[in-house]
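Step one of this worksheet: look at the structure below.
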Amino acid sequence: MHISPERSTRPDYDLLVRQVTSVLEGETSLVANASQFSALVYDTLADLNWAGFYLTVPGKNGREQDLLVGPFQGKPACARIPFGRGVCGTAAAERRTIVVADVHAFPGHIACDSASNAEIVIPLVKNGKVIGVFDIDSPSLNRFTEEDRAGLEAMLKAFLDATDC
């Protein structure tokens, strides 16, 4: 059962992990679970203007892999991002969470929405493969903290545990 807490810039991540598990219970579809997860994050974390998935696909123009936009909440987004480019592509290529206090200072930042000022991107690694990234943008500088990083990584672990990828 999902009970929406108030939107917060300091959410109770332990509660949100339990809610992810509850909301995704009995469903293993990547599309369905990614849709539900994006909605939960966008509905419960305050001060966001985008939250969603980019999924790994074969690359275009001779590239090995790209990220293709998947389920999300927010304004229309960049459709395809090469591995190694921008915050999302860098997080995927390096297999590490990246927290950016000011996206305008990030080398090679891709501005899908000019209103975005801060970003956090968590790579999704399952069975040794990068299956995509989860990306969140905020219009506020310095929006994301170490607590957000740890909490979102825990939520995404619950997502990956529940999802066939």
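The values are calculated or read from the model by the stated rules, or taken from the named source; none is laboratory data. Computed from a predicted model, the values in this text were never measured in an experiment. Here the Cβ positions follow ideal geometry from the backbone for every residue, glycine too, while neighbour counts run over all protein chains shown. Surface areas here come from the heavy atoms of the whole protein model, side chains and all, with no ligands, DNA or RNA. Shrake-Rupley method; radii C 1.70, N 1.55, O 1.52, S 1.80 Å.
Key figures
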quantity	calculated
Residue list for the stretch 41-89, restricted to those being open to solvent by 10 Å² or more (accessible area, probe 1.4 Å), touching a helix residue (DSSP H, G or I) at 6+ places or on another chain (Cβ under 7 Å), under 25 Å from ASP161 (Cα atoms) and hydrophobic (A, V, I, L, M, F, W, C)	PHE72, PHE83
Enumeration of residues in the stretch 111-125 that are in contact with a strand residue (DSSP E or B) (Cβ under 7 Å, 6 or more places away or on another chain) and modelled with pLDDT of 90 or more	SER116, ASN117, ALA118, GLU119, ILE120, VAL121, ILE122, PRO123, LEU124
Within the stretch 108-156, tally of residues that are within 16 Å of ARG95 (Cβ to Cβ), among the charged types (D, E, K, R) and in contact with a helix residue (DSSP H, G or I) (Cβ under 8 Å, 6 or more places away or on another chain)	2
Tally, over the stretch 151-165, of residues that are open to solvent by less than 50 Å² (accessible area, probe 1.4 Å) and part of a helix (DSSP H, G or I)	9
The stretch 112-136 - residue that is farther than 17 Å from LEU55 by Cα and of a type in the set (D, E, K, R) and, of those, least open to solvent (accessible area, probe 1.4 Å)	GLU119
Scan of the stretch 107-141 for residues that are of a type in the set (S, T, N, Q), out of contact with any Leu (no Cβ under 9 Å at 6 or more places or on another chain) and either under 23 Å from GLY84 (Cα atoms) or not in a loop (DSSP other than H, G, I, E, B) (or both), ordered by number	SER114, SER116, ASN127
Residue in the stretch 90-111 that is farthest from the chain's Cα centre (by Cα), counting only those that are aliphatic (A, V, I, L, M) and open to solvent by 50 Å² or more (accessible area, probe 1.4 Å)	ALA105
Selection count where residues are in contact (Cβ under 8 Å) with a residue 24 or more places away in the chain and at positive phi, scope the stretch 1-51	1
The stretch 152-165, residues that are of a type outside the set (D, E, K, R) and within 12 Å of the chain's Cα centre (by Cα)	LEU152, MET155, LEU156, PHE159
Qualifying residue in the stretch 29-36 (condition: more than 20 Å from GLU153 (Cβ to Cβ), in contact with an Asp or Glu (Cβ under 8 Å, 6 or more places away or on another chain) and exposed (fewer than 14 other Cβ atoms within 10 Å of the Cβ))	yes
